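Only one structure is covered here, and it is reproduced in the block below.
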Amino acid sequence: MDHYFSEKDRIPNNKIVIFDEAQRAWNAEHSMRKFQRNFSEAEMMLEIMSRHKDWSVIVALVGGGQEINTGEAGLPEWGKILEQKFEDWKVYISPQLKTGNHSTGNLTLFERSPTNMSIIEDKDLHLEVSIRSYKAEKLSHWVSLLLTNQCDEAKAVFETELSKYNIFITRNIDEAKKWLRSKCKGTRRMGLVASSGGRRLRPYGLDVKVPLEEAEWFLNDKNDVRSSYYLEIPATEFGIQGLELDWVGLCWDLDLRRDKDGWDFNAFKGTKWQKVNNLNMQSFIINKYRVLLTRAREGMVIFIPPGDKDDPTRNPETYNAIADYLIACGVIPL
C-alpha cells in the first residue's frame, strides 16, 4: 500500500482488500517511528479504500489476544478509527466482537455501541471451531480461562471438553522430550516452543536468543539437526505465530509467574528479573503464552523447570507455584 500512501489521489485498482491478522496493525506511534506516518495502519487502510466513490470492502481477519509486539494496535484501534473518521462505512461484525469472549481475547471492537454508524451483526462471521487443534474444539477457551485466573472454570472445561487432547506437565526436560518422541509417529511433526522472555531456560540447554531458521525448523526431516524434530532449538512466539505442530513441548519460564493475586509479569534484564508494570507490556506477555499454548494440533507437554535454590534467578518455589496452578487448572502430571 506504500505507493497509495505517497500518491494521495491515487485510487486503488482493487475494491476488495483482505487484511490477515488485522489486530496486529501498527498504531500511530509505531507508524511514526518506523515509517514517519502520523496515523495507524488501520486508518491508512480505511483512507485509501475510501477513495473509491461507489463501493469498496475491507475483510479484516481477527485473531483475538494475539498481539505480541510493541506497536500492534489491537482490535479496538479499528473501532476507534471507524467511529471517529469513517462513520459512513457499513460494518459487519460477529456478535463476539460486540461482547468480547475468549476468541477475541475478551476485547471488543467498540468501547460502546456507536450511534452514528451502521453496524450489522452476523453470527456466520465467527469461526466457532478452531481447525488448528482438531481434537480440542475448546482448547482456546480453556487457555483463556487459564490466563484470566479462572482456575475452577478452566479445570471444568479441561475435564469435560479436552478428553481427546493430551496436555501433560513435567519438571524434567528429558522426560518431556521422551514423551514427545513417543507420540510423534509417521509424518507427524514435533518441536519445542518457549517465550522470547524465557531467558533462564538456558541452564536446560534452551536458548531463546538463538536465531531460528524457520524454513529448516518447520520443513526439514528427522535427520536434520536444524529441524524441530531434534528438540534442541525452541521456537518463540514470533517464529511459531500463525503456524502449528502436531505435538508441542512448551517450556515455561519466570517471565510469567504466579503471585497471590494472579499473574506476575517480569523481564530478564542484565543479571536479574525485573517487574513489568506497564499494562501494554503485561498484555504482550499474556498473549505470548496464549500463542504458545495454542500451537499443538494433537497435544502438548508443558515443561516447568525445577529451579535451583542456589540460583536467585531460578527460585524453585516460584516455578512450583506455576506448576501447581496449571495442575489446578486440570493439567495432568506425567
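The values are calculated or read from the model by the stated rules, or taken from the named source; none is laboratory data. All values derive from a computational prediction rather than experimental measurement. In this analysis, Cβ positions are derived from the backbone assuming ideal geometry, glycine residues included, and neighbour counts consider all displayed protein chains. Calculation scope for accessible area: heavy atoms of the full protein, side chains included, ligands and nucleic acids excluded. Shrake-Rupley method; radii C 1.70, N 1.55, O 1.52, S 1.80 Å.
Take THR271 and tell me if it is open to solvent by 30 Å² or more (accessible area, probe 1.4 Å) and of a type in the set (Ser, Thr, Tyr).
yes
Just checking, which of ASP246, ASP264 is touching a Lys or Arg at 6+ places or on another chain (Cβ under 8 Å), assigned to a strand (DSSP E or B) and under 30 Å from GLU77 (Cβ atoms)?
ASP264 is the lone residue from the list that is touching a Lys or Arg at 6+ places or on another chain (Cβ under 8 Å), assigned to a strand (DSSP E or B) and under 30 Å from GLU77 (Cβ atoms).
Scan the stretch 272-288 and give yes if some residue there is assigned to a strand (DSSP E or B), in contact (Cβ under 8 Å) with a residue 60 or more places away in the chain and over 30 Å from TRP26 (Cα atoms), otherwise no.
No, that holds for no residue.
Given the condition farther than 24 Å from PRO203 by Cβ, modelled with pLDDT of 95 or more, surrounded by 21 or more Cβ atoms within 10 Å (Cβ to Cβ) and not hydroxyl-bearing (Ser, Thr, Tyr), answer yes or no: does some residue in the stretch 311-329 qualify?
yes
Find the residue count for the stretch 1-21, including only residues that are at pLDDT below 70 and of a type outside the set (Ser, Thr, Tyr).
4
In the stretch 184-203, which residues are more than 19 Å from LEU292 (Cα to Cα) and touching a residue at least 60 places away in the same chain (Cβ under 8 Å)?
If the condition is that a residue be more than 19 Å from LEU292 (Cα to Cα) and touching a residue at least 60 places away in the same chain (Cβ under 8 Å), then PRO203 is the only one that fits.
Here is a list of conditions, (1) in a helix (DSSP H, G or I); (2) in contact with a Ser or Thr (Cβ under 7 Å, 6 or more places away or on another chain); (3) at pLDDT below 95, and THR294 meets all of them except one; can you say which number that is?
Every listed condition holds for THR294 apart from (1).
Tell me, which helices (runs of 4 or more DSSP H) wholly within the stretch 134-183 include 2 or more residues that are within 28 Å of ASP207 (Cα to Cα) and touching a helix residue (DSSP H, G or I) at 6+ places or on another chain (Cβ under 6 Å)?
139-147
Looking at the stretch 73-92, is at least one residue of a type in the set (Lys, Arg), over 26 Å from GLY197 (Cα atoms), modelled with pLDDT of 85 or more and touching a strand residue (DSSP E or B) at 6+ places or on another chain (Cβ under 8 Å)? Lay out the reasoning, then the answer.
Taking the stretch 73-92 first, the residues of a type in the set (Lys, Arg) are 80, 85, 90.
After this cut, where a residue has to be over 26 Å from GLY197 (Cα atoms) as well, the list is 80, 85, 90.
With the extra rule that they be modelled with pLDDT of 85 or more, the set shrinks to 80, 85, 90.
Keeping just the survivors that are touching a strand residue (DSSP E or B) at 6+ places or on another chain (Cβ under 8 Å) gives 90.
Scanning the stretch 73-92 turns up at least one residue that is of a type in the set (Lys, Arg), over 26 Å from GLY197 (Cα atoms), modelled with pLDDT of 85 or more and touching a strand residue (DSSP E or B) at 6+ places or on another chain (Cβ under 8 Å).
What's the number of the only condition in (1) at pLDDT 85 or above; (2) surrounded by fewer than 17 Cβ atoms within 10 Å (Cβ to Cβ); (3) of a type in the set (A, V, I, L, M, F, W, C); (4) under 27 Å from TYR289 (Cβ atoms) that VAL57 fails to meet?
(4)
Given the criteria within 23 Å of VAL210 (Cα to Cα) and modelled with pLDDT of 95 or more, does LYS288 qualify?
no
Look through LEU107, LEU125 and report the one residue that is modelled with pLDDT under 85 and farther than 25 Å from ILE327 by Cα.
LEU107 is the lone residue from the list that is modelled with pLDDT under 85 and farther than 25 Å from ILE327 by Cα.
If I go through the stretch 297-312 residue by residue, how many of them are under 18 Å from PRO333 (Cβ atoms) and part of a loop (DSSP other than H, G, I, E, B)?
So the count comes out to 4.
Is it true that ASP224 is free of Cβ contacts under 8 Å to residues at least 12 places away in the same chain and exposed (fewer than 13 other Cβ atoms within 10 Å of the Cβ)?
Answer is no for this residue.
Regarding GLU159, is this residue within 17 Å of VAL301 (Cα to Cα) and of a type outside the set (S, T, N, Q)?
Working: within 17 Å of VAL301 (Cα to Cα): yes; of a type outside the set (S, T, N, Q): yes.
The answer is yes for GLU159.
Suppose we filter TYR229, TYR165, TYR204 for residues that are within 29 Å of ASP255 (Cα to Cα), within 23 Å of the chain's Cα centre (by Cα) and open to solvent by 20 Å² or more (accessible area, probe 1.4 Å); which single one remains?
None of the others qualify; the one that does is TYR229.
Would you please list the contacts, defined by Cβ atoms under 9 Å and residues six or more apart or on different chains, that run from a residue in the stretch 242-253 that is open to solvent by 10 Å² or more (accessible area, probe 1.4 Å) to a residue that is of a type in the set (A, V, I, L, M, F, W, C) and in a loop (DSSP other than H, G, I, E, B)?
Close Cβ pairs (under 9 Å, with a partner that is of a type in the set (A, V, I, L, M, F, W, C) and in a loop (DSSP other than H, G, I, E, B)) amount to ASP246/CYS184; TRP247/CYS184.
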